[in-house]
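Following: one structure in structure tokens, then a few remarks.
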Amino acid sequence: DSGVTQTPKHLITATGQRVTLRCSPRSGDLSVYWYQQSLDQGLQFLIQYYNGEERAKGNILERFSAQQFPDLHSELNLSSLELGDSALYFCASSIQTGAYGYTFGSGTRLTVV
Amino acid sequence: AQSVTQLGSHVSVSEGALVLLRCNYSSSVPPYLFWYVQYPNQGLQLLLKYTSAATLVKGINGFEAEFKKSETSFHLTKPSAHMSDAAEYFCAVSDRGSRLTFGEGTQLTVNP
């Protein structure tokens, strides 16, 4: 157990729907990062939050959004889902805002049908 | 912009043989470099990291990597492979900012 908790572990939904993925960072970590892992794109950085504020944005689609709450857990919202959004979505956390090495959760596998 | 190239998407070794997974990076600033391992249906686990201290970095499970600036490389090695080392390995680079940029991954197979 890495200490980073992601729920749900698996999610199957239909095209056009909206889903929310949840991440609880390791105790004491202030930064949360979201990554997407797919066969064709590999591991892609989506977005980072630090202590409730957005710090960096990567290849995140406009249909996707995220936030970090006062208790430091984070949610990634994916809307108007397409077949190509099927992927593993990882959350990672770290104490600082710099990339000194993250701790990853076990991921949410999203399947869009 | 920073990038990582992992040479060889699949590497196969015999149990007890040397493991060598290759990683070359590109970065406009002195980089931080990382190796992660991913076992099936699991997240990524940090094996080791280089953050501008010693160029030879030792990690978990007997792995080590050497930062070579002149070759822009950060290859991962283990003297003797074990069956439990079979997994996918990712090299990653950071420009000391917020994000890690990952390579495409190398699938390591260990044959008995």
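The values are calculated or read from the model by the stated rules, or taken from the named source; none is laboratory data. The shown structure was predicted, so the numbers you read here are calculated from the model rather than taken from an experiment. Neighbour counts are summed over all protein chains in view; Cβ atoms, including those assigned to glycine, are modelled from backbone coordinates with ideal geometry. Just so you know, the surface numbers come from the protein's heavy atoms only, side chains and all, with ligands and any DNA or RNA stripped out. Shrake-Rupley method; radii C 1.70, N 1.55, O 1.52, S 1.80 Å.
For (1) among the aliphatic types (A, V, I, L, M); (2) open to solvent by 30 Å² or more (accessible area, probe 1.4 Å); (3) within 9 Å of chain B (Cβ to nearest Cβ); (4) not in a strand (DSSP E or B), each residue gets a yes or a no:
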site: A:61; (1), (2), (3), (4): yes, yes, no, yes
site: A:71; (1), (2), (3), (4): no, yes, no, yes
site: A:77; (1), (2), (3), (4): no, no, no, no
site: A:81; (1), (2), (3), (4): yes, no, no, yes
site: A:84; (1), (2), (3), (4): no, yes, no, yes
site: A:89; (1), (2), (3), (4): no, no, no, no
site: A:101; (1), (2), (3), (4): no, no, yes, yes
site: A:106; (1), (2), (3), (4): no, yes, yes, yes
Checking residue A:75 against (1) touching a strand residue (DSSP E or B) at 6+ places or on another chain (Cβ under 7 Å); (2) within 25 Å of residue B:91 (Cβ to Cβ), which single condition isn't satisfied?
(2)
Looking at segment B:92-112, which of its residues are within 11 Å of another protein chain (Cβ to nearest Cβ), in contact (Cβ under 8 Å) with a residue 12 or more places away in the chain and open to solvent by less than 50 Å² (accessible area, probe 1.4 Å)?
B:92, B:93, B:94, B:100, B:101, B:102, B:103, B:105
Please enumerate the residues belonging to segment B:34-88 that are within 14 Å of chain A (Cβ to nearest Cβ), β-branched (Val, Ile, Thr) and surrounded by 13 or more Cβ atoms within 10 Å (Cβ to Cβ).
B:37, B:51, B:57
Could you tell me whether segment B:12-33 includes any residue that is touching a His at 6+ places or on another chain (Cβ under 9 Å), open to solvent by less than 10 Å² (accessible area, probe 1.4 Å) and within 27 Å of residue A:36 (Cα to Cα)?
yes
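Please work out if residue A:66 is free of Cβ contacts under 8 Å to residues at least 12 places away in the same chain, part of a strand (DSSP E or B) and not charged (D, E, K, R).
no
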